[in-house]
Amino acid sequence: MSDANDVAGGPWKSEYLALHDPVTSLPNRVLMMEFLAGALSSPREGQRALAVFALDIDNFKHINETFGLTAGDLVLAEAARRIRRCIRDNDLVARVGADEFVVVATGLTGARSVEGLFRRLQTALGVPFTLPGGGVAYPTADIGITLAPQDAEEADALLHCAELALARARSEGPGACCFFAADMNDELAGRRTLEGDLRRAITANEFVLLFQPRCDAKTLQLLGVEALIRWDHPQLGRLVPDEFVPLAEKSGLVVPLGEWVLRKACDTISRLPELNVSVNVSVVQFRGGELVTTVESVLKATDLPAHRLELEITESVLIENTDKALDILERLKGLGVRLSMDDFGTGYSSLGYLRTFPFDALKIDRRFVGDLDQSKGALAIVQAILGLGRALGMQVVAEGVETESQLQCLKADACDEVQGFYLGRPMTEEALHAYIAERRVVC
């Protein structure tokens, strides 16, 4: 395929520009569809056996916002070069959207060859992108794959199948890959319906905030609560965060939803002066750049002292842009709020982040606590995290405590706080008042 540099001018220039993307010099959607239709109509049976890979760059909007549009174009151009190095001369790669590419790989005859191309693409795009000025971008690619003639035999239908597979991959998290399946049409329709419901739910007061106790591990004194959102869907019943927060993040609705949680939590706890409250923060709230202003505004409106609010942050927030994350966290610390790293032990570089970022506490992931009294490996991990917390002067909270034996293990190793069903399930504000009153009577 010719490169843009080969077209110096003359009658071919207009035709070239009409069929190619100016940023990457790749064929555009029009030329890709012509190629795909031609391959599918080939009289050679082996040529008609092909795979279509739909790829998109995760968090590309964030790259543009953080490093600028020029840097974003450089990432796209480099991504195009890497993809082209993965395919054969008789295959085609096109740019078909802002951050979306399509690879048409012809003559693939088995699952092994399809999987081999997928792995080459995933490896090539997984290498960090170095940008002018010393910046580094760490994008990953979601990939949806469809096969001809098994899934479809027409170009439009085949591309639709690939895009449905890509949508499934996006829902599974960064760097995921999915093959097309027949049920994806129904799933897409259901997801679109749920997104519409989610938009309505924010103004229809369908969300409920629950509070789960956090207690002193040694004395079991109630120290605070974690605010946990639920959605009372009119048809589907009560939904937990895993069932709607990923969709809220992808649609951007998590920003107003997160502000509602923060405001409701702070307002509730401001009337319970003996308690602190912790609130989870989404990576999308970090990207927006308004988190500090929102927290400051909510604290002022609810009259909650800043030291009684703790924001729980996962490592994914820190990976995207270390410098920006550090700036935001330091500004939040400047307001007086506490910061904790959530799900500690599940990330690949948590130790480095603990040394760099101004955390006050860390929360041991529940999967380690759940095996604490049954697995020597889990016990060793928990003991190591507790020792690390003490060495760094941080409080350590163990979540997911469900049994007396787990609690005793944590007490024996001097854990600071515990949280889980054994201490109390997530409860409404009214139930929280009753829980507090009952504990006062017992004391």
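Some observations on this one:
- Filter result for the condition that a residue is part of a strand (DSSP E or B), closer than 23 Å to G38 by Cα and in contact with a strand residue (DSSP E or B) (Cβ under 9 Å, 6 or more places away or on another chain), over L158, L164, L117, L147: L147
- Scanning the stretch 77-103 for residues that are modelled with pLDDT of 90 or more and small (G, A, S) yields A77, A79, A80, A94.
- Residue match in the stretch 80-93 (condition: outside any helix (DSSP H, G or I), in the same structural domain as C177 (by TED's automatic domain parsing), surrounded by 13 or more Cβ atoms within 10 Å (Cβ to Cβ) and acidic (D, E)): yes
- Of residues in the stretch 269-295 being over 30 Å from A434 (Cα atoms) and not β-branched (V, I, T), the one modelled with the highest pLDDT: L291
- Filter pass, N59 being at positive phi, in the same structural domain as L158 (by TED's automatic domain parsing) and surrounded by 17 or more Cβ atoms within 10 Å (Cβ to Cβ): yes
- The stretch 94-114, residues that are part of a loop (DSSP other than H, G, I, E, B) and polar (S, T, N, Q): T109
- Some residue of the stretch 63-73 being hydroxyl-bearing (S, T, Y) and either modelled with pLDDT of 85 or more or under 22 Å from V23 (Cα atoms) (or both): yes
- Number of residues in the stretch 5-58 that are modelled with pLDDT of 85 or more, within 19 Å of G144 (Cα to Cα) and either of a type in the set (K, R) or not in a helix (DSSP H, G or I) (or both) equals 10.
- If you go through the stretch 102-124 and keep only what is within 21 Å of F60 (Cα to Cα), crowded, with 20+ Cβ neighbours inside 10 Å and touching a helix residue (DSSP H, G or I) at 6+ places or on another chain (Cβ under 6 Å), you end up with V102, L121.
- The listed residues are D216, D242, and the only one of them that is within 27 Å of S340 (Cα to Cα) and either touching a residue at least 24 places away in the same chain (Cβ under 8 Å) or touching a strand residue (DSSP E or B) at 6+ places or on another chain (Cβ under 6 Å) (or both) turns out to be D216.
- All positions within the stretch 126-162 that are under 25 Å from the mean Cα position of the chain (by Cα), crowded, with 21+ Cβ neighbours inside 10 Å and within 29 Å of A181 (Cα to Cα): P139, A141, D142, I143, G144, I145, T146, C161, A162
The values are calculated or read from the model by the stated rules, or taken from the named source; none is laboratory data. Bear in mind that the values here come from a model prediction, so they are computed numbers and not experimental data. We place every Cβ from the backbone using ideal geometry, glycine too, and count neighbours over all the protein chains shown.
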